[in-house]
Amino acid sequence: MAAKVISGNEVAAEIRAELKTRVAELKEKGIVPGLGVVLVGEDPASISYVTSKAKGSKEIGMFEETIRLPEDVPEDEVLKVIDNLNKDPKYSGILVQLPLPDHISVENVISYISPEKDVDGFHPVNLGKLLRGEPCPLPCTPHGVQQLLVRSGNDPSGKNVVICGRSNIVGKPLAAILMQKAEGANAVVTVVHTGAIDIAYYTKQADILVAAMGRPEAITADMVREGAVVVDVGVNRVPDSSRKRGYRLAGDVDYEPVAEKASFITPVPGGVGPMTVTMLLHNTVESAIRLSEK
Ligand code: GUN
């Protein structure tokens, strides 16, 4: 079987067009969704992510501001910046780009963001609501994975979903989203990680296999069931001297051989990547609406 490619670029464009219309309607009522992004340091990957968040915001008509702080900024300075964003009604959403330098506690910073403006969905209050199945902003990458599945006709309900990777940003929240008794979810979810003795034992049983462990091309064809839906969350920079920039981007899936066996597959780049920013825009618009109703 040669897999159908699920284009994140196409699904993202569809959702962003919907959001652009909603932002225009909100503006007519005097509501302008606004996103405040905090970037600490000069990590090239983080700069690239933050740039696409700013560009995406502007394209749908939202206000966006990135606050750039030096690598050695003290933690309390970061907290002061968040405090200002929490209080300023211009911002309906706040995001602190991760990772942060080692001297800054991710837990302290995330917990300091007002849960009402937490458009990453990482605040402990929002993660608690997510587990309990209460309304909350969904973490963007897992929400993007869910949208890719649903909008490509692969509703996870009743399916055996195997997630490789247990990160706080992807694996854990994705498991929490897909296990809920809710539309676009209701799956039987297994989370596989480095503690598993035989990872392939689990992956071979997946109707839907999600690779999110951050290891280039680690999911090989022998680990995948014929006809499975494969979603690749990995974005790895692999050294490649034949490229001008000195690296190539590789997912966590060994793409060509796996695409021969799968029924659907997401590419890297152009799969999950564009969905993350899109769901961030979605959360910011939703947050603006909720805050305007208070
Ligand atoms: N770094 C990598 N992914 C993410 C994300 O979804 N949100 C934030 N804030 N930082 C990230």
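The residue of segment 38-53 that is farthest from Val277 (Cα to Cα), among those that are surrounded by fewer than 16 Cβ atoms within 10 Å (Cβ to Cβ), of a type outside the set (S, T, N, Q) and at pLDDT 95 or above, is Glu42.
Is it the case, given these coordinates, that Glu226 is within 17 Å of Val162 (Cα to Cα), more than 16 Å from the chain's Cα centre (by Cα) and among the acidic types (Asp, Glu)? Yes: the conditions hold for Glu226. Only residues that are crowded, with 17+ Cβ neighbours inside 10 Å and more than 11 Å from the chain's Cα centre (by Cα) were counted in segment 266-294, giving 13. If I filter segment 81-90 down to residues being among the charged types (D, E, K, R) and assigned to a helix (DSSP H, G or I), which single residue comes out as farthest from the ligand (Cβ to nearest atom)? The extreme case among them is Lys87. The set of residues in segment 91-114 being open to solvent by 50 Å² or more (accessible area, probe 1.4 Å) and more than 10 Å from the ligand (Cβ to nearest atom) consists of Asp102, His103, Glu107, Asn108, Ser111, Tyr112. Beta carbons closer than 7 Å, at least 6 apart along the sequence or on distinct chains, pair a first residue in segment 214-225 that is open to solvent by 70 Å² or more (accessible area, probe 1.4 Å) with a second that is among the acidic types (Asp, Glu) and at pLDDT 95 or above for Arg215/Asp252.
No other residue among Pro173, Pro156 is farther than 13 Å from Leu209 by Cβ, buried (at least 23 other Cβ atoms within 10 Å of the Cβ) and either β-branched (Val, Ile, Thr) or in contact with a helix residue (DSSP H, G or I) (Cβ under 9 Å, 6 or more places away or on another chain) (or both) apart from Pro173.
Of all residue pairs spaced 6 or more apart or on separate chains, those with beta-carbon atoms under 9 Å, a first member in segment 85-106 that is acidic (Asp, Glu) and a second member that is within 15 Å of the ligand (Cβ to nearest atom) and open to solvent by less than 30 Å² (accessible area, probe 1.4 Å) are Asp88/Gly36.
The values are calculated or read from the model by the stated rules, or taken from the named source; none is laboratory data. All of these numbers come straight from a predicted model, not from anything done at the bench. When we count neighbours, we look across all protein chains shown, and the Cβ atoms used for this are built from the backbone with ideal geometry, even at glycine. When the accessible area is computed, the model is the full protein with side chains, heavy atoms only, and any ligands, DNA or RNA have been set aside. Shrake-Rupley method; radii C 1.70, N 1.55, O 1.52, S 1.80 Å.
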